[in-house]
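The structure appears below as structure tokens.
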Amino acid sequence: MNDVVRVLVPRPVWGTYDYRVPNNGPRPVIGGRVRVPFGQSAVTAVALEYVKQPANNIQLKNIDKVIDEDPLLTSDLLDLVQWMSDYYHFPLGSVLGSVLPVEAMRGRPLNVEPEKKWCVESTDTEDIPKNAHRQRELLELLSRKPWTTDSELRQQKIAKPVLEALHSKKLIRWEYVEVAVDYRDVEFSLTEEQSRAVDCITSSLDSFAVHVLDGVTGSGKTEVYIRAIQRVLEMGKQVLVLVPEISLTPQTAESFASRFGSVAVLHSMRTNVQRFDVWTRVGSGEHRLVIGTRSAVFAPFKNLGLIVVDEEHDSSYKQGETLRYSARDVAIVRANKLGIPCVLGSATPSLETLHNVETGKYSMATLSHRPGTAEMPSFNVLDIRGHQLVGGMSPQLISKIREHLNAEAQVLILINRRGYARSVVCNDCGWIPYCVDCSVKLTLHDVPTAELRCHQCERRYRVPETCTSCDSKRVRSVGSATQRVEETLQMLFENVPTYRVDRDSTNSSGKLERLFANVKTQEKCILVGTQMLSKGHHFPNVTLVAVIGADAGFLSTDFRAAERTAQLIVQVAGRAGRAQRRGEVWIQSLDPHNPNLQALVIQGYRGFVSAEQYLRDSSDLPPRTHMAVLRCEGSNADEQERFLLDRLAEVEDSGVEALGPVPAPIARIAGRWRYQAALVSPSRTQLHNALRKVERKTSNRSKSRWSIDVDPADMA
Ligand code: ADP
Ligand code: ZN
Ligand code: ZN
């Protein structure tokens, strides 16, 4: 009798599959990969467990091959895969496909050999040709930082031939040394609040707990993470730090590297092979400290001791397609399974997180001020009703800008819309051009050429000279976007450099870095940009932050839009006035008495949260209730609606509230009609039971593309 092994296959299937292990070959390890026949082809699968009794008594096939001698996935990860399939109502096999790096599925062997680490052998530079600058640079780098790894050198763009040149001259050498994490202290001592936060986190390093670190921007949250991490590394364990977006905030990784000697970085910008390499070295325990974006939460840590989720409120932790998971929530579940603490840091904690603090599930430590003399900026509303705007800005705002520039300071303007103008409109009949494939107005762009663009499908159109509807020649642009604000400011302040930061101006990450470096060295200048300006970068010389066009966010039908807008304003405001001078924030508004806006300006973010929480409660919206959205799209609108109605009929008596179906806020994208319905319940169990009924109703032959989104981040 052969052994039978149960495996997970990275295919869109809900179950597991059993295979026979041939007696004469190697035995699969649990969590390791095997090659198995599947349908007409073969797939890379992961061994889950040995079973005595196969699931059914059909003739089992043999596994083809054992790929790994050591497990690729740890047992807590295998559990996590099952948990995600249940919680997000996503096929088990597809969850595995999302968790495994591409190279793992291709069957690439585990890289168990440790990395080479380089150091200087001799500083005798006579043998280095005069013009070999890169060789000198490398020698200098290695004397500054001995035992630099191969991958760190690659990150520094050191080419192989340069390395080989020095190696062959015996100026440098390598070893497989185990580099102890070398912690470097800093001059300053922790503030009282910081010490308390560190004590709170480190009081329970060997049991599960979620600690919220609620610290205003610039209050030194990173320093708290670092001290806690230091303690965990000392215990010989590994640490994972999740960050929202590495390309916008490379200095976060640098600040950890400068304190711990080395960090491994895991994010989607790297090549598949590099990602797999880091992944396997996390698995072997070689990488002790890992910083990464969303999917790094799936790395196969051998001995994880702490997870830090920085900027936990950030919506980029939520994957918006396929497996719609929240990396923050998965991190908490993983910490729970491992019995380790998880830290959630933010200056603007999400309503969910604050709710969990309120109910006692999470503990919280607060950093209420910035260390040293840096003060928090003041918040003000600028009522623009009845004012003539120039490039989207009121005369008062423009004089504010002038005032700050005259004081040799920098000004930051947030307008969360890229392009030149919101749209064009016919002055005579009110005609507005729409995308032919999507139900959205076209945005006018001016740079590099004048054209209309659809921000949903990126289709481009010529700017019409005459109205399509009435032939009028009086077609003009309305509403400002980044390019028009930039143009207006360049006209008004000719001698002041202006920098625009949006997806169109910064298509390569190097460009953004250079731009920010430029701003640091400038005295006065103006920064105009979208939410990209709110992420992590500090601008010590900015003393004025102006927010244009935030009203839409507070009036949106998407119930999370107000929360996101408040977070955006507070985050961008926090970029300002970090140095000696106090910053001011001015929010232009056509709706100056909006209760959300007033609460934010007068009572700060927490004031906003109380007001918003009240509104959510009174309409039974999360966080006190739980929500899932069913989305459905296809070429025929009626079919989508009917599809969702059929599903909702299944849950009529299940105690959950069903809302919809309604057309999505953007009812059509790229020619496909989109409908949605929401299920809401105060009980998670009830919600999941209802979702299981919805699932069962669905046959594979349905023509609609549909999905379940548990804990949706937006309703778009
Ligand atoms: P946050 O992440 O909370 O926005 P940072 O961690 O970036 O804030 O800290 C802001 C600045 O304050 C950094 O330059 C950091 O080095 C400095 N800093 C942190 N803690 C202290 C302290 N206890 N004393 C003096 N400076 C500190
Ligand atoms: Zn017209
Ligand atoms: Zn379009």
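The values are calculated or read from the model by the stated rules, or taken from the named source; none is laboratory data. All values reported here derive from a predicted model rather than from experimental measurement. All Cβ positions, glycine included, derive from the backbone under ideal geometry; neighbour counts span all protein chains shown. Note: areas computed on protein heavy atoms with side chains; ligands, DNA, RNA excluded. Shrake-Rupley method; radii C 1.70, N 1.55, O 1.52, S 1.80 Å.
Data table
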{"read-out": "Projected label distance in nm at E69 and R402, using a 7 Å step from Cα toward the beta-carbon", "value": "7.6 nm"}
{"read-out": "The chain - percent relative contact order, Cα under 8 Å, separation 6 or more", "value": "11 percent"}
{"read-out": "Calculated FRET efficiency for the pair N131/R20, C-beta based, R₀ 41 Å, to 0.05", "value": "0.05"}
{"read-out": "Separation of alpha-carbon centers, segment 225-250 and segment 104-168, rounded to whole Å", "value": "25 Å"}
{"read-out": "Cα gyration tensor shape for the chain, rounded if a/c is under 1.5, else prolate or oblate", "value": "oblate"}
{"read-out": "Segment 341-349 - phi-based ³J(HN,Hα) in whole Hz, Karplus 6.51/-1.76/1.60, Gly and Pro as x", "value": "x, 10, 10, 10, x, 5, 8, 9, x"}
{"read-out": "Segment 338-383 - percent of accessible surface contributed by carbon and sulfur, probe 1.4 Å", "value": "53 percent"}
{"read-out": "Local electrostatic count at Y362 - Lys and Arg +1, Asp and Glu -1, tallied over other residues with Cβ under 13 Å", "value": "-3"}
{"read-out": "Spin-label model distance (nm) - D638 vs R476, 7 Å beyond Cα toward Cβ", "value": "4.4 nm"}
{"read-out": "Under-5 Å amide H pairs with E49, H placed in peptide plane, nonlocal only", "value": "R6"}
{"read-out": "Anisotropy class of segment 241-333 from Cα gyration tensor, a/c 1.5 cut", "value": "rounded"}
{"read-out": "Segment 413-453-segment 1-77 distance, computed between alpha-carbon centres (Å)", "value": "54 Å"}
{"read-out": "Unpartnered cysteines - no second Cys beta carbon under 4.7 Å - across the chain", "value": "C119, C200, C342, C457, C525, C632"}
{"read-out": "FRET efficiency, 1/(1 + (r/R0)^6) with R0 60 Å, evaluated for D437 and F188 via beta carbons", "value": "0.60"}
{"read-out": "Exceeding the 19 Å Cα-Cα cut-off - candidates K130/K157; K117/K145; K302/K337; K160/K302; K511/K535; K117/K511", "value": "K130/K157; K160/K302; K117/K511"}
{"read-out": "Alpha-carbon centroids, segment 522-567 and segment 603-669: separation in whole Å", "value": "27 Å"}
{"read-out": "Protection-proxy order for peptides 621-627, 566-572, 90-96, 462-468, each taking the mean of Cβ atoms within 10 Å per residue, highest first", "value": "566-572, 90-96, 621-627, 462-468"}
{"read-out": "Value of [θ]222 nm, deg cm²/dmol, for the chain, DSSP H segments ≥ 4, -39500 (n - 2.57) each, nearest 500", "value": "-9500 deg cm²/dmol"}
{"read-out": "Positive-end extreme of charge dipole, segment 410-566 - chosen from A562, C435, S534 (charges on Cβ)", "value": "S534"}
{"read-out": "Spacing of the two label points (7 Å from each Cα toward its C-beta) at R385 and D86, in nm", "value": "5.4 nm"}
{"read-out": "Apportionment of accessible area to carbon and sulfur, segment 536-679, percent (1.4 Å)", "value": "52 percent"}
{"read-out": "Rounded if a/c under 1.5, otherwise prolate or oblate - segment 609-710, Cα gyration tensor axes", "value": "oblate"}
{"read-out": "Förster radius 22 Å - calculated FRET efficiency between Q686 and A552 (Cβ-Cβ, nearest 0.05)", "value": "0.05"}
{"read-out": "Length gained when the stretch S168-V102 is fully extended (0.36 nm per residue, less Cα-Cα span)", "value": "20.2 nm"}
